[in-house]
Amino acid sequence: MANCHEMHIGDVFYCDKCGLTLKVEKACTCKPGETGACTVPLSCCEQEMKKK
């Protein structure tokens, strides 16, 4: 699962279906449950992206 608060600089995430690849260059600073925090896992092609 690719939740932004668990991502670290240098992590790479990919989509099995289309091949999209994303590299984290700046870590997220939000904390789960706080106002304005990210609420969904990173997804592409209607499925969650996986960490390489």
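Values in this text are rule-based calculations from the coordinates and carry no lab data. The model shown is predicted, which means the values in this text are computed figures rather than measured ones. Note that each Cβ is placed from the backbone with ideal geometry, even for glycine, and that neighbours are counted across all protein chains shown.
Highest first, please rank the peptides 21-29, 43-51 by the mean number of other Cβ atoms sitting within 10 Å of their residues.
Sorting 21-29, 43-51 by mean packing, highest first, produces 43-51, 21-29.
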Point to revise | Computed label-point distance, nm, for sites residue 39 and residue 27 using a 7 Å Cα→Cβ extension | key: 2.5
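Tell me the volume per residue, in Å³, of the convex hull enclosing the alpha carbons of the chain. Kindly include the intermediate steps, with their values, before the conclusion.
Numbers: hull volume 3.8 nm³, N = 52.
In the chain, the Cα convex hull volume per residue is 73 Å³.
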